[in-house]
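The values are calculated or read from the model by the stated rules, or taken from the named source; none is laboratory data. All figures in this text were calculated on a predicted structure; none of them were measured in a lab. All Cβ positions, even for glycine, are placed from backbone atoms using ideal geometry, and neighbour counts span all protein chains on display. Calculation scope for accessible area: heavy atoms of the full protein, side chains included, ligands and nucleic acids excluded. Shrake-Rupley method; radii C 1.70, N 1.55, O 1.52, S 1.80 Å.
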Amino acid sequence: MSRRLRAASAGGFAAVVWGTQEPLDQRLFGCDYSDVEFLGRGNRALGFVLHTANGALFGVVFDAIRQRLDVDQRRLALGLALVEHVSLWPLIALVDRDLLTSPRAFAQATYRHALFGVLLGRLA
């Protein structure tokens with residue numbers, strides 16, 4: 001398996017784990033926002049497909065970056081996932097303005113991105 005395909009597969013898998021555990025983190029953080037349901041516009045099955053594809057694409061981008069940098073891939077994957085989270089967080093206001101100012105929602109999203117980054121870094 002090529003490095004790029006492995007990274008894409010790892011990203012897709014990490015996105016599936018993220019989506020699968022969402023009901024747990026919703027209870028843990030007290031915030032009912034779901035990235036999977038948002039992407040699928042309420043259709044969880046469609047959301048899973050789109051979220052998995054996004055994760056695979058993120059894995060491909062991660063692979064391109066890791067080939068250019070001399071950094072531990074685990075740290076790089078986690079860092080990239082968290083940078084993506086923090087840089088795109090303001091766009092959550094397009095979904096729900098209350099989420100933007102919710103510490104629980106921000107913590108939940110940070111946890112999800114960290115989980116994704118850790119899995120991607122270990123599996124890619």
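Against the test of being farther than 14 Å from Ala15 by Cβ, buried (at least 16 other Cβ atoms within 10 Å of the Cβ) and modelled with pLDDT of 95 or more, the options Arg66, Arg112 yield a single qualifying residue, Arg66.
Against the conditions (1) within 17 Å of Val36 (Cβ to Cβ); (2) surrounded by 15 or more Cβ atoms within 10 Å (Cβ to Cβ), Leu57 satisfies every one except (2).
Counting only residues that are open to solvent by less than 60 Å² (accessible area, probe 1.4 Å) and closer than 22 Å to Asp32 by Cβ, segment 43-54 holds 4 of them.
Filtering segment 1-22 to residues that are of a type in the set (A, V, I, L, M, F, W, C) and modelled with pLDDT of 95 or more leaves Leu5, Ala7, Ala8, Ala10, Phe13, Ala14, Ala15, Val16, Val17, Trp18.
Close Cβ contacts (under 8 Å, 6 or more residues apart or on different chains) running from residues in segment 22-40 that are open to solvent by less than 50 Å² (accessible area, probe 1.4 Å) to residues that are among the β-branched types (Val, Ile, Thr) and not in a helix (DSSP H, G or I) comprise Tyr33/Val95.
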